[in-house]
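Since the structure comes first, as structure tokens, the remarks are kept for the end.
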Amino acid sequence: VSVPMPNADQRVRILSICLHGEPMAIGLSESDIREIATRTEGLSGSDLNELCREAAFCCYRLEKSRDSPRLRREHFFTALRKFLSNRVATQAPRRELQLPLD
């Protein structure tokens, strides 16, 4: 069974669900979430959930000195770059290791 990747509207909905009730996400607007969804074409629901987690970590690392850090779309874009670079690294062709057996 093949499950297609979510379209832009579905990604908006998935992101909204992942961020629902998250105090750090209060400052994100609908247009912010839509822009994030536009830039995440090809990501699955699980990928989007991981992206939200990584964006929250990024926000915390950058704004931990504030009383209440707020997620911004820039945190998502930083997390997306990291996510995509990790994805490329794990999909890189692997060389077979040749070891002598004597």
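Each value in this text was obtained by applying a stated rule to the coordinates, not by laboratory testing. The structure displayed is predicted, hence computed values, not measured ones. Because the Cβ atoms are built from the backbone with ideal geometry, glycine has one as well, and the counts that use them run over all protein chains shown.
Quick notes on this structure:
- Count Lys and Arg as plus one, Asp and Glu as minus one, and take only other residues whose Cβ is under 11 Å from that of T78; the net charge is then +3.
- Each peptide in 59-69, 41-51 gets a packing score, the mean of other Cβ atoms within 10 Å over its residues, and the list from highest to lowest is 41-51, 59-69.
- Dividing the convex hull volume of the alpha-carbon atoms in segment 1-45 by its residue count gives 68 Å³ per residue.
- Rg to Rh quotient for segment 8-77, alpha carbon positions, Kirkwood Rh: 0.95
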